[in-house]
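**Q** Mind looking over this structure? Questions follow.
Each reported figure results from applying straightforward, stated rules to the coordinates on display, with no laboratory input. These numbers come from a predicted model, not from an experiment. FYI the Cβ positions are ideal-geometry reconstructions off the backbone, even for glycines, and counts take in every protein chain you see.
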Amino acid sequence: MEKPKKLIIAGMDILDVSGPVSRIILRYWLKAFNKSKWLTIIITIISFLGLGIGIYLKETNRKEQEEAKRREVLTYQQQIIQLDQMANSLSNLTLFIKEQRAKLKENEDIVALLQKEKEKLAPLVEADRKLVNSVLDVQQEHFKSEVQSERWIGFGLGVVASFIASLVWAIMLYLFKKKKVTS
């Protein structure tokens, strides 16, 4: 195998710096360059452009993936914040439920106490109701008997009032006639 010429760029022999694969590629390139300079340059430029475009597309894709991951992480952070808020809401709801349960228990105890008092007072209320009904019945009977006498008294007073009014009227007519006669 023949040793290629030295290729010195920036004071360094590229053949010494590059790896075994690079050396093989470089040997083929030098052979092609020695045969046809312009074709090798054009192919090299097209290859480097393709390689550059490939690297650019790969880098763009990598950046897009990183951005997607960043957005995903941001979404995860938002989800964590929402979960924390939900946990806080659930904690508040649990506290509210405990308070309502305690109030409900208090109300249940009050209702039970009132029910016991109602049971104790029911006989008294029933007795009082009977007493009240008896008193009202007696009062109604008394009222019925008084209504007759009040009607007779009212009738008598009406007759007396009519008599007095007739008397007053007769006196006034008499006095009026007497005054007319004297005048």
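**Q** When you look at Val125, is it more than 47 Å from the chain's Cα centre (by Cα), over 30 Å from Phe33 (Cβ atoms) and in a helix (DSSP H, G or I), yes or no?
**A** When the stated conditions are applied, Val125 passes them.
**Q** Moving to a separate point now. Of all residues in region 113-142, count the ones that are surrounded by fewer than 10 Cβ atoms within 10 Å (Cβ to Cβ) and among the hydrophobic types (A, V, I, L, M, F, W, C).
**A** Total meeting the criteria: 1.
**Q** Please verify whether Glu150 is of a type in the set (Asp, Glu), in a helix (DSSP H, G or I) and surrounded by 10 or more Cβ atoms within 10 Å (Cβ to Cβ), treating the condition exactly as stated.
**A** Yes.
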